[in-house]
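These notes concern the structure reproduced below.
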């Protein structure tokens, strides 16, 4: 059943996000409803294929689609030019024509690399996002950002290519290990900081329900996150604004991206963002007057997750160098919950203090 339909407001290119539970068997009908070309290639990784590929393919074929699949290994390392080229080659061997479509069936990595392929194969194919992880359902499948990493920078090569629609079935989350659920919650925590302060109280009160993937709780959190992101994407589709819009979604990401990269992706993206929120929360207390009581709430949530990340091999100096780059880094810091601003005058000392606080937690 579809519980929420949320529009990404892009004028004539607006598209819906369908959020429901136990709905994967209907995805073929929705593809037909949206006029998706009859030739469809489904890209999944081994994990999402095991959990969702068979019912997705069955639904597509029942709706009259000529569907084929391409399975890739899991993991952040698959966000590469080499993997994109391999998918391009597989599609050429399948003789996929210009009048075809691509479906991303998986988490953030699958969505990013498949979306990149969709935007470049034969100069662009329509595609559908069918996210299967909590992080991708609340965040990464929305907004049309697609791309791959480069050895010198994360997300360095990419495109903006919006999906025809997004189809999220929260029942698929039941196949996830606890670690992936926590990674999704890490990304979720930026939304009450950016625009929906009452969401933090809901997460605090229903944390056990969310970790247990209770449908009502997950649908509530996901729908609220999606409404915030849809609004920001509608305001600033290609993140061209420097003081508002999509840039606000980078809360926790300055430090988070550095930790993720320096861990050689041993840290999941959402885990790194969760740690980044703690470090940048401390910076915000010092730099923006963010109430320490609100930071304490975030710390308490983190402690309830009972996480023990091994960060001893990631040196603070390396994080600072990665964050600060060749000049002043751009941080999105809260002054209070729901009130953030972009700053570029954070000092190396403030970053070092934030990292020490993060490690002390």
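Overall shape of segment 18-62 was characterised from the C-alpha gyration tensor. The equivalent ellipsoid obtained from it has semi-axes of 17, 14, 9 Å, in decreasing order.
Rounded to the nearest whole angstrom, the semi-axes of the ellipsoid equivalent to segment 1-124, taken from the Cα gyration tensor as √(5λ), stand at 22, 17, 16, largest first. The angle between the Cα long axis of helix 253-262 and the main principal axis of the chain comes to about 80°, on a 0 to 90 degree scale. In terms of surrounding Cβ atoms within a 10 Å radius of their Cβ, 139, 316 rank from fewest to most as 316, 139.
Diffusion coefficient of segment 279-361 by Stokes-Einstein, Kirkwood radius over Cα pairs, 37 °C, 0.692 mPa s: 243 µm²/s. Per the Debye formula on identical point scatterers at the alpha carbon atoms of segment 69-164, with no solvent, log10 I(q)/I(0) at q = 0.10, 0.16, 0.17, 0.25 Å⁻¹ is -0.22, -0.58, -0.65, -1.44.
Model label sites at residue 62 and residue 300, defined 7 Å from Cα along the beta-carbon direction, differ in position by 4.7 nm.
Helix 81-93 and the longest principal axis of the C-alpha atoms of the chain enclose an angle of approximately 10°. Compared with the dominant principal axis of the Cα atoms in the chain, helix 108-120 is inclined by about 50°. Can you tell me, using C-alpha contacts under 8 Å and at least 6 residues apart, the relative contact order of the chain as a whole percent? Reported as a whole number, the value is 15 percent. Computed across segment 239-296, the Kirkwood hydrodynamic radius from all distinct Cα-Cα pairs reaches 12.1 Å. Each peptide in 330-339, 286-295 receives the mean, over its residues, of other Cβ atoms within 10 Å, and ordering these scores from highest gives 330-339, 286-295. Residues of segment 164-206 with an amide N closer than 13 Å to a point placed 7 Å from the Cα of residue 155 along the Cα-to-Cβ direction: 187. Only helical runs count toward this figure. For the chain, summing -39,500 (n - 2.57) over DSSP H runs of n ≥ 4 and dividing by all residues gives -13500 deg cm²/dmol at 222 nm. Sorting 95-106, 19-30, 182-193 by average packing, meaning the other beta carbons within 10 Å per residue, from highest down gives 182-193, 95-106, 19-30. The chain has equivalent-ellipsoid semi-axes of 34, 22, 19 Å, by the square roots of 5 times the alpha carbon gyration tensor eigenvalues, sorted largest first.
For the pair segment 118-137 / segment 24-56, the C-alpha centres are spaced 11 Å from each other. Values of log10 I(q)/I(0) for segment 193-351 across q = 0.10, 0.18, 0.21 Å⁻¹ run -0.38, -1.27, -1.57, by the Debye formula with one identical scatterer at each alpha carbon and no solvent.
Computed from the coordinates by the stated procedures, all read-outs in this text should not be read as laboratory data. Source: prediction; values computed, not measured. Cβ sites come from the backbone with ideal geometry, for glycine too, and all protein chains shown count toward neighbours.
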